[in-house]
Amino acid sequence: MSTGGKTALPLTYMLYGKSNGTDAESNYKFKGGLEGVGVVAGNEGPFKDGLLVRDTNGDGKLDTKTDMVVGGINISAPDGAKGQTLQSMMKDGKMMLSIDTEKMAPKPGKRWGGSMMLLSFKAGNKPGKYRATTTLLKKAGDMMSGEGASYTYTIVAK
């Protein structure tokens, strides 16, 4: 990928909600997703490069004051790099929020479960390795609950 944010790299992120079950089998079988999640610029708690916010009021817009923060983003970059971002993909000028996998691909979506969020990464102005980590909160909406599941993308910019 090129440096300086000239080219965006599309990435996908699978989101799963939390099972209400208390035994290992019900947790394993749980496939519920988190629909309506997107990335909002922000620096809150342990997340310095963005917040994962769920559109809880259904207005199609994300606002950390009225919607639920479910996680966040941290990006490690080469020393001195500036301008790196991980954002929700846009379509027709609107942010694409996460949707149920069955709506994207009915047959495999039923098997996988969850929701899929489409992301766009832009490298900063320095060549090297960038690591974008998305992390869910242990308890959605509670920034003090600690970090839950996370996933790190490693991107090399030249």
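The values are calculated or read from the model by the stated rules, or taken from the named source; none is laboratory data. This is a predicted model, so every value here is computed, not measured. Positions of Cβ are generated from backbone atoms using ideal geometry, with glycine treated the same way; all protein chains shown enter the neighbour counts.
Which ones in region 1-19 are touching a Phe, Trp or Tyr at 6+ places or on another chain (Cβ under 6 Å) and under 19 Å from Leu137 (Cα atoms)?
Ser19
Looking for something loosely packed, with under 13 Cβ neighbours inside 10 Å and touching a residue at least 24 places away in the same chain (Cβ under 8 Å) - is there at least one such residue anywhere in region 55-62?
Scanning region 55-62 turns up at least one residue that is loosely packed, with under 13 Cβ neighbours inside 10 Å and touching a residue at least 24 places away in the same chain (Cβ under 8 Å).
Among the listed residues Gly45, Gly32, Gly72, identify the single one that is in contact with a Lys or Arg (Cβ under 9 Å, 6 or more places away or on another chain), within 18 Å of Ser145 (Cα to Cα) and among the small types (Gly, Ala, Ser).
Gly72
What are the residues in region 20-68 that are among the polar types (S, T, N, Q) and within 19 Å of Lys94 (Cα to Cα), if any?
Thr56, Asn57, Thr64, Thr66, listed by residue number.
Anything in region 26-56 that is at pLDDT below 90 and of a type in the set (Phe, Trp, Tyr)? List them, or say none.
Tyr28, Phe30
Which of (1) at positive phi; (2) touching a helix residue (DSSP H, G or I) at 6+ places or on another chain (Cβ under 7 Å) is the odd one out, the single condition Gly60 does not satisfy?
(2)
State whether the residues of region 65-76 include one that is surrounded by fewer than 16 Cβ atoms within 10 Å (Cβ to Cβ) and without any contact (Cβ under 8 Å) to a residue 24 or more places away in the chain.
yes
Can you confirm whether Leu52 is hydrophobic (A, V, I, L, M, F, W, C), assigned to a loop (DSSP other than H, G, I, E, B) and within 20 Å of Leu118 (Cβ to Cβ)?
No.
Surrounded by 14 or more Cβ atoms within 10 Å (Cβ to Cβ) and either assigned to a strand (DSSP E or B) or polar (S, T, N, Q) (or both), is that true of Gly148?
yes
If you go through region 1-49, how many residues are in a loop (DSSP other than H, G, I, E, B), of a type in the set (Ser, Thr, Tyr) and within 23 Å of Ile75 (Cα to Cα)?
The number of residues fulfilling the criteria is 4.
Considering only region 104-145, how many residues are of a type in the set (A, V, I, L, M) and not in a strand (DSSP E or B)?
6
List every residue pair whose Cβ atoms sit under 6 Å apart, with the two residues 6 or more apart in sequence or on different chains, where the first one lies in region 80-107 and is in contact (Cβ under 8 Å) with a residue 40 or more places away in the chain and the second, anywhere, is part of a helix (DSSP H, G or I) and surrounded by 12 or more Cβ atoms within 10 Å (Cβ to Cβ).
Close Cβ pairs (under 6 Å, with a partner that is part of a helix (DSSP H, G or I) and surrounded by 12 or more Cβ atoms within 10 Å (Cβ to Cβ)) amount to Thr101/Gly109; Thr101/Trp112.
Do we find that Lys6 is within 29 Å of Val156 (Cβ to Cβ), out of contact with any strand residue (DSSP E or B) (no Cβ under 7 Å at 6 or more places or on another chain), charged (D, E, K, R) and modelled with pLDDT under 90 in this structure?
It is true that Lys6 is within 29 Å of Val156 (Cβ to Cβ), out of contact with any strand residue (DSSP E or B) (no Cβ under 7 Å at 6 or more places or on another chain), charged (D, E, K, R) and modelled with pLDDT under 90.
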